[in-house]
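Let me begin by presenting the structure, written as structure tokens, before commenting on it.
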Amino acid sequence: MFIFTAKLTRKKLAVGIGAVGVLLIGIIILMSGRGKAEVSAATVPSAKGVKTAEDRVSYLTAYGWTADAASEECQEVVIPKTFDGAFEEYNTLQKGQGFDLTKYKGKRVKRYIYQIINHPSGRTPVYASVLIYKNTVIGGDLQNPSPEGFIQGFERNVPLS
């Protein structure tokens, strides 16, 4: 007979709960694409020529999102030259929607953020980030920053719970 004991600290418990949460969000992202019809190239908005706030809001609208134009924020960010694990996961999300940030390693890009007011999850706030390099959308996401939040691509998915 074997007896196994372990000391469970608050720190270990918090790390474990966080890891389970990240795993669940990953599963939700992966599963949300199953059983959906493929989006044809004709329905995907053009990523080129996105110069103005109106263009960016129209880009999000083409995916079915209602963005609050008045909430726009702009940040200049640098795509890391070396991707860590978290950024590799983020780039996997980008690749799933036809983008690839490896082409932009070390480049300065603009990140435009809008509040989305029609996300089917009902969670608030939901923000859309649109990454722009030389008037071209190179990536982005929708996310709810709460501890139980989510991150997803631009394409409308099954409501997250």
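No lab work stands behind these numbers, since they all come straight from the coordinates. It should be emphasised that the depicted structure is a prediction, and the values quoted were computed from it without experimental measurement. Cβ: placed from backbone, ideal geometry, glycine included. Neighbour counts: every protein chain shown.
Here are some notes:
- Cross-link table Lys48/Lys103; Lys51/Lys134; Lys48/Lys81, entries beyond 18 Å C-alpha to C-alpha: Lys48/Lys81
- The label point for Asp55 and the one for Glu148, both projected 7 Å from the Cα toward the Cβ, are 4.0 nm apart.
- In the range 71-150, chymotrypsin sites (Phe, Trp or Tyr not before Pro) in a DSSP loop with at most 16 other beta-carbon atoms within 10 Å: Phe83
- Approximating the spin labels as points 7 Å out from Cα along Cα→Cβ, the Val78-to-Lys134 distance works out to 2.0 nm.
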